1. Consider the stretch 180-200. How many of its residues are touching a residue at least 24 places away in the same chain (Cβ under 8 Å) and not small (Gly, Ala, Ser)?
2. Restricting to the stretch 118-175, and then to whatever is of a type in the set (S, T, N, Q) and in contact with a helix residue (DSSP H, G or I) (Cβ under 7 Å, 6 or more places away or on another chain), can you tell me which residue is nearest to PHE81 (Cα to Cα)?
3. Among LEU182, LEU164, which is at pLDDT below 90, buried (at least 17 other Cβ atoms within 10 Å of the Cβ) and either in contact with a Phe, Trp or Tyr (Cβ under 6 Å, 6 or more places away or on another chain) or within 22 Å of VAL51 (Cα to Cα) (or both)?
4. Out of curiosity, is LEU173 in a helix (DSSP H, G or I), touching a residue at least 24 places away in the same chain (Cβ under 8 Å), of a type outside the set (Ser, Thr, Tyr) and in contact with a Gly (Cβ under 9 Å, 6 or more places away or on another chain)?
5. Output the number of residues of the stretch 130-161 satisfying the condition of being touching a His at 6+ places or on another chain (Cβ under 9 Å) and either free of Cβ contacts under 8 Å to residues at least 24 places away in the same chain or farther than 21 Å from TRP49 by Cα (or both).
6. Among (1) more than 26 Å from CYS66 (Cβ to Cβ); (2) touching a Ser or Thr at 6+ places or on another chain (Cβ under 7 Å); (3) surrounded by 14 or more Cβ atoms within 10 Å (Cβ to Cβ); (4) not hydrophobic (A, V, I, L, M, F, W, C), there is one condition PRO198 misses while meeting the rest; what is its number?
7. Do you know which of the residues in the stretch 129-161 that are part of a loop (DSSP other than H, G, I, E, B) and among the charged types (D, E, K, R) is surrounded by the fewest Cβ atoms within 10 Å (Cβ to Cβ)?
8. I need every pair where a residue in the stretch 48-76 that is within 17 Å of VAL158 (Cα to Cα) has its Cβ under 7 Å from the Cβ of a residue that is surrounded by fewer than 17 Cβ atoms within 10 Å (Cβ to Cβ) and among the small types (Gly, Ala, Ser), sequence separation at least 6 or different chains.
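The values are calculated or read from the model by the stated rules, or taken from the named source; none is laboratory data. Worth saying up front: this structure is predicted, and the values here are computed from it rather than measured. Here Cβ is always computed from backbone atoms with ideal geometry, including for glycine, and neighbour counts include all displayed protein chains.
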Amino acid sequence: MFNFDTLSQYFLAIYFTIIAIHYSSVALGRKVRTQQKQVHAGQPFTAQWWVRQTFNLFRTLILLLCIARVGWDIDGYLGVFGILYQPVVVYLGVILMLLSLFLVSFSHAYMQAQWRSGIDDNTEHPLLVEGPFKRTRNPIFKGVLLGQLGLFLAFPSVFTLLCLVTGISMIVLQVKHEETALEHSHGEVYLHYKSATPRWL
């Protein structure tokens with residue numbers, strides 16, 4: 001019988017598999033079309049590089065463990081918070097993750113050819129200040145944070161709490177790196193945008 005536990009298992013496995021396939025294919029397709037790298041990790045062993053590697057590690061762990069949960073009973077090893085692992089909490093988590101996917105995908109589509117992952121030091125793009133960037137300087141990261149909160153609620157556990165805390169920390173660090181790069185590349189234009197538009201809300 002289909003229940004919230006089954007929903008948590010299958011939804012998370014399918015969701016993260018689709019995310020992995022989608023963004024890998026988008027990055028590859030853009031690279032083939034433009035002959036330019038779309039994912040920029042930064043110089044090895046710099047702060048930006050470590051942020052990227054931490055993201056990659058946790059994304060891989062999340063994908064593998066969510067898929068593993070479908071076939072094996074490993075929840076006991078992941079420290080499930082039984083008091084939170086209730087239908088209404090799981091359903092709320094699923095809704096937040098779907099909303100996150102919409103916000104991130106919408107922002108990526110709005111950026112069109114300007115989309116990059118990480119800081120591209122070699123290419124200057126016009127500063128986006130309209131659409132999803134009009135009310136927040138970081139609509140994509142805001143969507144990602146919403147998704148990470150959704151993951152924790154869809155499967156409340158020590159593991160997903162660690163993912164949430166790590167995700168928040170890495171995104172805050174990445175935002176600071178990107179703001180510094182934008183100040184360098186866009187100067188007064190970015191400083192004016194920064195003073196007029198909130199970082200998050």
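1. Start the filter on the stretch 180-200 by keeping residues that are touching a residue at least 24 places away in the same chain (Cβ under 8 Å), which leaves 181-182, 185-186, 189-190, 193-194, 197-200.
Going one step further and asking which of them are not small (Gly, Ala, Ser), we end up with 182, 186, 189-190, 193-194, 197-200.
So the answer is 10.
2. If we take residues in the stretch 118-175 being of a type in the set (S, T, N, Q) and in contact with a helix residue (DSSP H, G or I) (Cβ under 7 Å, 6 or more places away or on another chain), then SER157 is nearest to PHE81 (Cα to Cα).
3. Details: LEU164 fails: at pLDDT below 90.
Only one candidate qualifies: LEU182.
4. Values: in a helix (DSSP H, G or I): yes; touching a residue at least 24 places away in the same chain (Cβ under 8 Å): yes; of a type outside the set (Ser, Thr, Tyr): yes; in contact with a Gly (Cβ under 9 Å, 6 or more places away or on another chain): no.
No: the conditions fail for LEU173.
5. Here is the first cut: in the stretch 130-161, the ones touching a His at 6+ places or on another chain (Cβ under 9 Å) are 140.
From what's left, either free of Cβ contacts under 8 Å to residues at least 24 places away in the same chain or farther than 21 Å from TRP49 by Cα (or both): none.
Qualifying residue count, the stretch 130-161: 0.
6. Condition (3) is where PRO198 drops out.
7. Filtering the stretch 129-161 down to residues part of a loop (DSSP other than H, G, I, E, B) leaves 129-130, 134-138, 155-156.
Still in the running and among the charged types (D, E, K, R): 130, 134-135, 137.
Values: GLU130: 7, LYS134: 13, ARG135: 12, ARG137: 22.
The residue in question is GLU130.
8. Every condition considered, the pairs that remain are LEU63/ALA20; ILE74/ALA68.
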